[in-house]
Amino acid sequence: KAGVTQTPRYLIKTRGQQVTLSCSPISGHRSVSWYQQTPGQGLQFLFEYFSETQRNKGNFPGRFSGRQFSNSRSEMNVSTLELGDSALYLCASSFGGSGNYGYTFGSGTRLTVV
Amino acid sequence: AQTVTQSQPEMSVQEAETVTLSCTYDTSESDYYLFWYKQPPSRQMILVIRQEAYKQQNATENRFSVNFQKAAKSFSLKISDSQLGDAAMYFCAYKSGNAGNMLTFGGGTRLMVKP
């Protein structure tokens, strides 16, 4: 069974640009969550999607958005990039809608903003 | 809001020895779940062990076990017979049982294993 796949693995963007990251969950998993990991702030929750609906959102500005498609694949978009957006972005999926049995994470996308 | 604290930024252990990583959390909820995740240099977060708050029995997965003290809001991870492959960042995480499907992570503990 394939794991959670995130593309691309690495990305370098310039301030002011926008970026789209992709996440393909494990087959059959309908819940997809996104996290930002930085040395200073640690791991922070961005948002969670289930059946194409955003159910939860973390404390991030509106420049951060996402969506989920009917096949459960998810994308997150960051517009007007700032240097502080440089981070590892992790996607996680879970089989049920609750996540009570834990989440399976991908290897992340390392975004560098210059 | 819930908070998770890992007071040990770094720990080291000799191969084959036992090490305990600490985690405390703050919550007013009675229904929640606790997790330990391992993040090796490959960056992928790997679920190590899971504990349900309403279960008093401590969870165990092979060489990994937890000491769950609900009243003290403590959730430590014990790794027995440490192996070189155990070297990684370890994160403690909290999930509410009924208020949002999101994980709140601690700051992490870097575990080094000496041969």
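The values are calculated or read from the model by the stated rules, or taken from the named source; none is laboratory data. Since the model is a prediction, treat every value here as computed from it, not as a measurement. No Cβ is skipped: glycine too gets one built from the backbone with ideal geometry, and neighbour counts run over all protein chains shown.
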- Note on the structure: Residue pairs qualifying under the 9 Å Cβ cut-off, at least six apart or on distinct chains, with the first in segment B:24-39 being within 9 Å of chain A (Cβ to nearest Cβ) and the second being among the hydrophobic types (A, V, I, L, M, F, W, C) and assigned to a loop (DSSP other than H, G, I, E, B), are B:33/B:53; B:35/B:103; B:37/B:45; B:37/B:103; B:39/B:45
- Subset of segment A:25-42 (residues that are surrounded by 13 or more Cβ atoms within 10 Å (Cβ to Cβ) and farther than 20 Å from residue A:5 by Cβ): A:38, A:42
- Message: Testing residue A:79 on (1) of a type in the set (Ser, Thr, Tyr); (2) within 26 Å of residue B:98 (Cβ to Cβ); (3) surrounded by 14 or more Cβ atoms within 10 Å (Cβ to Cβ), one condition comes back false. Which one is that?
- Response: (2)
- Where in segment B:9-91 are there strands (runs of 3 or more DSSP E), lying fully within it, with 1 or more residues that are among the acidic types (Asp, Glu) and surrounded by 13 or more Cβ atoms within 10 Å (Cβ to Cβ)? B:46-52
- Message: Being under 11 Å from the mean Cα position of the chain (by Cα), among the polar types (S, T, N, Q) and more than 7 Å from every other protein chain (Cβ to nearest Cβ): is that true of residue A:77 here?
- Response: yes
- Task: Look at residue B:93 and say whether it is over 25 Å from residue A:48 (Cβ atoms) and either among the charged types (D, E, K, R) or modelled with pLDDT of 95 or more (or both).
- Result: no
- In segment A:91-114, how many residues are surrounded by fewer than 20 Cβ atoms within 10 Å (Cβ to Cβ), more than 10 Å from every other protein chain (Cβ to nearest Cβ) and closer than 16 Å to residue B:43 by Cα? 1
- Note on the structure: Pairing a residue in segment A:1-21 that is in contact (Cβ under 8 Å) with a residue 24 or more places away in the chain with any residue that is charged (D, E, K, R), where Cβ atoms lie under 8 Å and the two sit 6 or more apart in sequence or on different chains, gives A:9/A:110; A:10/A:110; A:11/A:110; A:15/A:82; A:19/A:13; A:20/A:75; A:21/A:75
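Those residues that are in a loop (DSSP other than H, G, I, E, B) and either of a type in the set (Lys, Arg) or more than 28 Å from residue B:108 (Cα to Cα) (or both), I need them from segment A:8-54; list them, please.
Those that are in a loop (DSSP other than H, G, I, E, B) and either of a type in the set (Lys, Arg) or more than 28 Å from residue B:108 (Cα to Cα) (or both): A:9, A:14, A:15, A:16, A:17, A:18, A:27, A:28, A:30, A:51, A:52.
Quick one: would you say residue B:52 is free of Cβ contacts under 8 Å to residues at least 24 places away in the same chain, of a type in the set (D, E, K, R), under 23 Å from residue A:98 (Cα atoms) and within 14 Å of chain A (Cβ to nearest Cβ)?
yes
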- Task: Being among the acidic types (Asp, Glu), away from every other protein chain (no Cβ under 12 Å) and touching a Ser or Thr at 6+ places or on another chain (Cβ under 8 Å) narrows it down to one of A:52, A:48, so name that one.
- Result: A:52
- Item | Residue in segment A:63-75 that is among the aromatic types (Phe, Trp, Tyr), within 29 Å of residue B:31 (Cα to Cα), at pLDDT 95 or above and surrounded by 12 or more Cβ atoms within 10 Å (Cβ to Cβ) present | no
- Note on the structure: The residue that is surrounded by the fewest Cβ atoms within 10 Å (Cβ to Cβ), considering only those in segment B:92-115 that are of a type in the set (A, V, I, L, M) and in a strand (DSSP E or B), is B:112
- Task: Kindly indicate the residue of segment A:1-24 that is surrounded by 11 or more Cβ atoms within 10 Å (Cβ to Cβ) and within 12 Å of chain B (Cβ to nearest Cβ) and also farthest from the chain's Cα centre (by Cα) among those meeting that condition.
- Result: A:3
